[in-house]
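What follows is a short report on a single structure.
Derivation of every value follows stated rules applied to the coordinates shown; laboratory data play no part. Here the structure is a predicted model, which is why all the values come from computation and not from measurement. Note that each Cβ is placed from the backbone with ideal geometry, even for glycine, and that neighbours are counted across all protein chains shown.
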Amino acid sequence: MKIGIIKECKTPSDKRVVFTPSKCLAAKKLYPEVEFLIQSSDVRCYSDKEYSDLGFSVVDDVSSADVLIGVKEVPIDKLIANKKYFFFSHTIKKQPYNKNLLLSILHNNIELFDHETIVDKNNNRLIGFGYYAGVVGAYNAFRALGLKNDSFILPKASELKDRKELNAELLKISIPDMKIVLTGKGRVGSGAKEILDFLQIKEVSISDYLNKSFEEAVYIQIDVLNYNNRIDNQTLDRFDFYKNPSEYKSTFNKFSSTSDMFIAGHYYDKNAPNLITLEDVNLDDFKIKLIADISCDINGPIVCTIRSSTIKDPIYGYDPISNKEVDYNQPGAITVMAVDNLPCELPRDASESFGEMFITDVLPSFFNDDKDGVLQRSKMTSKGELTDKFSYLSDFISAP
């Protein structure tokens, strides 16, 4: 089997890759019959030479590959007909800006396996970049804190070589006494928590957090049922929340009145209650001064997240009175960090992590007749049509 590692051609460019040189070696050891074709790239975080030095073919043309694997959307003019592709297509939520991409995939008889649709039999995602979104998002939160308070300076994560250098920078700073609330206990939340623990910020119970004062920095990590209650006051499990989010009301205001910083790495459904509304930010007891919105749902659960920010310019201010963007140094402004492609700031580490997941949870299906149904569940298109699981997109692609 020939696997082509394609060049990322979307603008702005993405430095990440699914198979790093070391992961190509690991895959080859497990499956000697695999032949990797590495499409030459001047943007990838690993150089062509790093692949060729390990004996892998670096080529301009990958059309002879059986499977083509990338990260971001493949530009329409770069698609190769009659191939199997793996990449984030950003179409499963009917994103209008990628409608023509999906139409072209169907027109070119491409079998599309979207990384986001690769799930186990219980519909749990098997691969993703969420962990490093959490790591970089939390790092950026403290970078923003230092800038806002003019207390310390952290370089941008994108200016650092890897996680080791990022950790070294964190060891140079001192965190003031403050309370930090972190939402989410998935991959994003786990990555953010690791930064908080690395900084030796004390994790406390929810009760102590809400009712006690501390002479040190402390944090809590909360999940959906810690800040949402059923409207009918029944006590059910989190799966009920995922199934019936509209049946819940938010209780997040008890945290916003006691927290200085909010790191948002939560699960969110458009039918779920909002966490922070315009009314909330104008309450006298609203205390949060800095929000690192890793989830970055625009016009979603956090009113302050009015746009996504960029790696180049990651921080902006939000004025609760005018409900508009302002300079983050303006008095009364809430500082917002809402970069929507955080793993790109540590592309080598993020790529290594993603590749490990792909080798463990996806690659075996290439060679065992997909006995666990991983590929079958994730296949979006086949023979020029949407598969049954993704037939809900029919109205999307047929609409004028």
Candidate aspartates and glutamates - alpha carbon under 13 Å from LYS2, same-chain residues fewer than 8 apart omitted: GLU33, GLU35, ASP61, ASP66
Between the range 97-134 and the range 1-77, the Cα center-to-center distance that results, in Å: 18 Å
Selection from SER174, VAL119, GLY146 lying farthest towards where the dipole of the chain points positive, charges on Cβ: VAL119
Formal net charge of residues neighbouring LYS249 (Cβ-Cβ distance under 12 Å; K, R +1; D, E -1): -1
Net dipole in debye of the range 167-254 [+1 Lys, Arg Cβ; -1 Asp, Glu Cβ; about Cα centre; nearest 20]: 200 debye
Highest-fluctuation residue, THR387, THR251, THR11 considered, GNM on the chain with Cα pairs under 10 Å: THR11
Fluctuation leader among PRO155, PRO32, PRO12 - the chain, Gaussian network, Cα springs under 10 angstrom: PRO12
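Express as a percent, rounded to the nearest 5, the fraction of DSSP beta bridges in the range 130-345 (both residues included) that run antiparallel. Don't skip to the end; give the middle numbers.
Numbers: 10 of 30 bridges.
Approximately 35 percent, going by the DSSP bridge assignments.
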Filter on LYS185/LYS289; LYS7/LYS28; LYS249/LYS389; LYS23/LYS83 - keep pairs with C-alpha separation over 29 Å: LYS249/LYS389
Per-residue Cβ neighbour rank within 10 angstrom, fewest leading, MET178, MET261, MET337, MET357: MET178, MET357, MET261, MET337
Dipole of the chain, positive direction: furthest Cα of GLY332, TYR267, THR183, with charges on the beta-carbon: TYR267
Label-point gap, in nm, between THR277 and PHE239 - each point 7 angstrom along Cα→Cβ: 3.1 nm
Relative contact order of the chain, pairs being alpha-carbon contacts under 8 Å that are 6 or more residues apart, as %: 18 percent
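Are there DSSP H segments in the chain that both extend 20 Å or more along their axis (alpha-carbon positions) and score a mean Kyte-Doolittle hydropathy of at least 1.0? List them, or say none. Don't skip to the answer; put the middle values down first.
Details: long enough: 130-149 (28 Å, 0.26); 347-361 (21 Å, -0.60).
Passing helices, by number: none.
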Neighbour-count order for SER382, SER398, SER41, fewest beta carbons within 10 angstrom listed first: SER398, SER382, SER41
Assigned charges on the beta-carbon of Lys, Arg, Asp, Glu; the chain dipole about Cα centre (debye): 400 debye
Computed helical MRE - 222 nm, the chain, DSSP H runs ≥ 4 contributing -39500 (n - 2.57), nearest 500: -7500 deg cm²/dmol
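Suppose every Lys and Arg Cβ carries +1 and every Asp and Glu Cβ carries -1, with no other charges. What dipole size does the range 130-345 come out with about its Cα centre, to the nearest 20 debye? Show your work: numbers first, answer last.
Values: 24 positive and 31 negative charges, 67 e Å.
My answer is approximately 320 debye.
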Residue exposure sequence - VAL34, VAL18 - by fewest surrounding Cβ within 10 Å: VAL34, VAL18
